[in-house]
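The values are calculated or read from the model by the stated rules, or taken from the named source; none is laboratory data. For clarity, every value in this text was computed on a predicted model and none was experimentally measured. Note that each Cβ is placed from the backbone with ideal geometry, even for glycine, and that neighbours are counted across all protein chains shown. These area figures cover heavy atoms from the full protein model, side chains too; ligands, DNA and RNA do not enter into them. Shrake-Rupley method; radii C 1.70, N 1.55, O 1.52, S 1.80 Å.
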Amino acid sequence: IVRLDRSMEQIIFPVPGICEFLTKETKYRLFTTTEQDEQGSKVSDFFDQSSFLHNEMEWQKKLRSMPLMYWFSRRMTLWGSISFNLAVFINIIIAFFYPYVEATSMGVLDSPLISLLFWILICFSIMALFTKRYGVRPLLVALILRSIYYLGIGLTLNILGALNLTNKIVFVVSFVGNRGTFIRGYKAMIMDVEFLYHVGYILTSVLGLFVHELFYSILLFDLIYREETLFNVIKSVTRNGRSILLTALLALILVYLFSIVGFLFLKDDFILEVDRLPDSKAQDDPLGMQRNMETFMESCSGDKISCSAVPTALQEADTDQWERACDTLLMCIVTVLNHGLRNGGGVGDILRKPSKDESLFPARVVYDLLFFFIVIIIVLNLIFGVIIDTFADLRSEKQKKEEILKTTCFICGLERDKFDNKTVSFEEHIKYEHNMWNYLYFIVLVRVKNKTDYTGPESYVAQMIKNKNLDWFPRMRAMSLVSNEGEGEQNEIRNLQDKLNSTMKLVSHLTSQLNELKEQMTEQRKRRQRMGFVDVQNTMNH
């Protein structure tokens, strides 16, 4: 921990017994979902969740006194997998055999292929049990086929639906057992989105079992809940939903403007080929078809547009195959919105093909090109671009989060490269020195321990927790790095002292040599002086 004077102190404490009830699922969820703050630290979110984690420990302790519920809650992942597999099997049966009367009348159930497929799956399931690769799924498929053959499709579907409903109820019991949802109050239950999702799953299973089988198709959306990749695909649309809605609103405004232009100047080009049902009234009323043709010819004459612009094939063909689609502004809007956005070339793909000799031919070219470039190319691609960019951002955020989990300490935020060439490795640091669970256990100890029994560090941390002050957490610091730095400084001083000693020895050696050399020079000078004095005396004598 970090003291008020910013010095670090190592704490040794007894782990409370209640901490052993923290589940592995909760540990994994906390480790992977804790968010960083503005300083890049996860301590703030980690501290905020400590109260919830303490309550969960208390609930798990109570859960151990209920063996049956504890047994169910320990296998929550298994119940979820069973529910999804049953939903898939149910929908496969509905897709292949619905409606059941036709499947029975076609002799599908009496086919020897069913029996052959049953024995093939039995053999395959036996091999799968030995290899432990596919589990019991082939055996379940074989039993379902045998049940369809003997009991019929409807009864088999009801049995699978009842099993799925029962299994999902067991899953919800396990979910409540792990989370302790009921003890948190009704408000917490209503605000728990996951709990509401599972309740909706149960209601859908009830509708499929007692109302209609096709309600089971909704259960396949459970794949989005189970797979994070698919959840990110949905998130890429909802995350920037406001931008997408505003861009879609711009597209609607443009469609509205193009519809007005079409209604005012090009209404006779909105002629669509239709395929009427055989029992439609127009098929039984030839006089009505004739009246439609006469109305069409009168309208094109009344708008001062030559009826020669109308294709001859339209006048000669059966009137029942063609329909005017822009006699009202509302019909123009619906036609442009429905056909214009769904055609690759825009609304021009479904309008009448004009002749180059018509007076409005240049206007049609401009109208079609403007709709194509503005609505199809620009606006729609803006929407697709927002979705694609959001999905790319989500993927990069996921990769960055995974990288942070692998290379950054959860408590102090130091990266792996800070521990290169140090006495303590990064793995040892996050396991022994800054173990995130030890910090959680210490917080729990401070909360459950009697205040009169606090030690000095515990009193200090308890006061900091009460004030919601997180300065006692080490950030961008570690005692091992500090000690390494101290040892490094001492080594440098020691090396400098060694170098200084060697230099002093060298200087003393050189000094002694200089003294010897000085003495030699002095003796030689004296000797030369004596020799010079003798020579001078001899010369004088001579």
Förster radius 25 Å - calculated FRET efficiency between Tyr98 and Tyr150, Cβ distance, rounded to 0.05: 0.80
Given Lys42/Lys406; Lys27/Lys398; Lys406/Lys468; Lys62/Lys468; Lys42/Lys187; Lys42/Lys449, which pairs have Cα atoms separated by over 23 Å? Lys406/Lys468; Lys62/Lys468; Lys42/Lys187; Lys42/Lys449
PRE reach from Val261 (point 7 Å along Cα→Cβ): which of the range 380-409 fall under 17 Å by backbone N? 380
Whether the range 370-525 is rounded, prolate or oblate, judged on the alpha carbon gyration tensor where a/c under 1.5 counts as rounded: oblate
Probe radius 1.4 Å, ligands and nucleic acids ignored: give me the carbon and sulfur share of the accessible area of the range 347-430 as a rounded percent. 60 percent
Segment Met476-Arg527, extension gain: residue separation times 0.36 nm, minus the distance between their alpha carbons: 10.8 nm
Accessible surface of Trp79 - all protein chains present, 1.4 Å probe, nearest 10 Å²: 30 Å²
Relative contact order in percent for the range 179-275 (Cα pairs under 8 Å, 6+ apart) equals 9 percent
Enter the accessible area of Leu163 (Å², nearest 10), with the probe set to 1.4 Å and all protein chains included. 90 Å²
List the residues whose amide H sits under 5 Å from the amide H of Trp322, counting only those 5 or more places along or on another chain, with H placed 1.01 Å from N in the peptide plane. Val274
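Say R0 is 30 Å: what FRET efficiency, to the nearest 0.05, do Val15 and Val88 get from their beta-carbon distance?
Using R0 = 30 Å, I get an efficiency of 0.10.
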Under 13 Å from the Cβ of Leu219, count the other residues' Cβ atoms, weight Lys and Arg +1, Asp and Glu -1, and hand me the total. 0
Rounded to the nearest 0.05, FRET efficiency between Leu220 and Val424 (Cβ-Cβ, R0 56 Å) equals 0.65
What do you reckon, how do Asp393, Asp275 stack up by accessible area (1.4 Å probe), largest on top? Asp275, Asp393
Given an 8 Å cut-off on Cα distances and at least 6 residues of separation, report the relative contact order of the range 347-469 as a percent. 11 percent
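Want the number for Ile234 to Leu370: 0.36 nm per residue separation, take away the alpha-carbon distance, what's left? Spell out each step's value before the answer.
Values: separation 136, 0.36 × 136 = 48.96 nm, distance 3.22 nm.
Working it through step by step, the gained length comes to 45.7 nm.
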What does the charge count near Pro474 come to, summing +1 for each Lys or Arg and -1 for each Asp or Glu among other residues with Cβ under 11 Å from its Cβ? +1
Out of all Cα-Cα pairs in the range 11-62, roughly what percent, to the nearest whole number, are more than 16 Å apart? 49 percent
Ordering Leu329, Leu63 from largest to smallest accessible area (1.4 angstrom probe), what's the sequence? Leu329, Leu63
Taking the alpha-carbon centre of each part, the distance from the range 342-364 to the range 3-66 in Å is 68 Å
For the range 180-258, size of Cβ-based charge dipole, Lys and Arg +1, Asp and Glu -1, in debye: 360 debye
At 1.4 Å probe size, with no ligands or nucleic acids counted, give the accessible surface of Leu151 in Å², nearest ten. 90 Å²
Extension reserve of the Lys466-Thr32 stretch, reckoned as 0.36 nm per residue once the Cα distance is removed: 153.6 nm
If you place +1 on the Cβ of every Lys and Arg and -1 on the Cβ of every Asp and Glu, how big does the dipole about the Cα centre of the range 395-491 come out, in debye to the nearest 20? 660 debye
Looking only at the range 331-351, which residues have a backbone nitrogen under 18 Å from a spot 7 Å from the Cα of Ile388 in the C-beta direction? 344-345
Which net charge results when you count Lys and Arg as +1 and Asp and Glu as -1 among the other residues whose beta-carbon is under 13 Å from that of Thr34? 0
Kindly identify the range 1-88 as rounded, prolate or oblate by the Cα gyration tensor criterion: order the square roots of the eigenvalues as a ≥ b ≥ c, call it rounded if a/c is under 1.5, otherwise compare a/b with b/c, prolate if a/b is larger, else oblate. oblate
